[in-house]
Amino acid sequence: MIIDLHIHSKTCSDGNFTVNEIIKEAKTRNIQLMSITDHDSICCQKQAMRLAKKNGIHYVFGVELNISFSHPNFYKGKPTSLDLLGYQFNVNNRVLRKKLQQISEHREQRAVKILKKLNIEFEKEGIKNFTKNELLEIQNSADGVLTRPHIADYLVKKGIVKDRQEAFNKYLVKCNVSKYPLIIDEASNLLRAAGGLVVLAHPNDPYGTSMVNLTKSLHEQTAIIKDSLLPYIDGIECWHPRNNVETTDHYVNFSKKYGLIMTGGSDCHQKPIRMGTVQVHNSVSQHFIK
């Protein structure tokens with residue numbers, strides 16, 4: 001069985017395919033169990049479920065939430081970002097929908113602040129400042145939740161950088177503004193109260209939001225999870241495109257030891273198209289196919 005429980009759409013997040021295009025591609029790739037897990041948005045979930053069902057694909061409601069987390073013994077006790085994947089929640093839950101709306105509004109305000117910081121950098125380099133109209137253009141380019149990759153894509157479009165990676169390396173890391181201050185217990189309670197499962201996403205991703213900011217040691221990572229995160233999560237994303245064999249084996253063994261659900265996916269934003277290319281163990285399906 002081909003499984004992919006971590007996909008991002010253009011419709012509601014920072015992917016490059018609409019929900020329609022994702023389902024069509026999933027059908028072509030013979031994906032049999034899938035979830036679109038857009039950042040802080042569940043607005044396309046009903047559409048995705050309907051289209052997946054029409055195409056004979058098992059679909060799981062999904063979302064990805066960014067949280068702020070700190071541990072006194074690591075990273076000098078400073079907060080860092082982690083991502084949680086939520087699955088099987090009630091998409092009509094009012095509390096969940098209200099909170100996601102608040103986070104979405106914060107993202108819009110954050111984008112304005114980031115652009116102001118960018119303009120300061122542009123002035124230093126003699127680059128023409130972004131205008132309010134250009135902010136609107138960036139906002140319109142985001143069919144769903146506005147994220148930093150949308151700003152990066154606009155920098156590419158304007159010829160200021162050659163690609164997203166350069167945009168982040170040269171500008172967006174330096175000009176970053178704090179995300180919505182969601183903490184682990186609040187995020188966990190939010191998803192569980194809506195009937196959902198809480199999964200720690202890509203815990204050892206060397207290039208993404210992960211435990212690596214706290215420690216590169218896999219054993220220290222799982223010690224932190226055991227010490228501070230275990231009460232708030234139901235599972236761990238054990239299969240991810242940036243995992244090596246050691247990472248996957250370590251987190252599979254840890255999950256089995258503590259009775260955690262194991263999930264996996266491509267984390268696909270469709271550049272490149274890698275949906276269904278991560279080998280996720282078939283046992284994952286038992287938690288999502290009734």
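FYI, it's all coordinate maths here, none of it is from the lab. Since the structure is predicted, the reported quantities are computational estimates derived from the model, not experimental observations. Note that each Cβ is placed from the backbone with ideal geometry, even for glycine, and that neighbours are counted across all protein chains shown.
General remarks:
- Test: residue in region 165-180 that is without any contact (Cβ under 8 Å) to a residue 60 or more places away in the chain, closer than 22 Å to S255 by Cβ, touching a helix residue (DSSP H, G or I) at 6+ places or on another chain (Cβ under 7 Å) and of a type outside the set (S, T, N, Q): no
- Whichever residue in region 132-159 is in a loop (DSSP other than H, G, I, E, B) and touching an Asp or Glu at 6+ places or on another chain (Cβ under 9 Å) and, among such residues, is farthest from A111 (Cα to Cα): K158
- Residue list for region 19-65, filter: in a helix (DSSP H, G or I) and either in contact with an Asp or Glu (Cβ under 7 Å, 6 or more places away or on another chain) or small (G, A, S) (or both): A26, A48, A52
- Each residue in region 7-55 was checked for being surrounded by 24 or more Cβ atoms within 10 Å (Cβ to Cβ) and at positive phi, and 1 of them qualify.
- Some residue of region 280-288 being under 18 Å from I67 (Cα atoms) and touching a strand residue (DSSP E or B) at 6+ places or on another chain (Cβ under 6 Å): no
- With respect to the conditions (1) touching a Ser or Thr at 6+ places or on another chain (Cβ under 7 Å); (2) more than 30 Å from K216 (Cβ to Cβ); (3) not acidic (D, E), C43 falls short on a single one, namely (1).
- Residue match in region 87-105 (condition: within 30 Å of I160 (Cα to Cα) and either surrounded by fewer than 16 Cβ atoms within 10 Å (Cβ to Cβ) or in contact with a His (Cβ under 8 Å, 6 or more places away or on another chain) (or both)): yes
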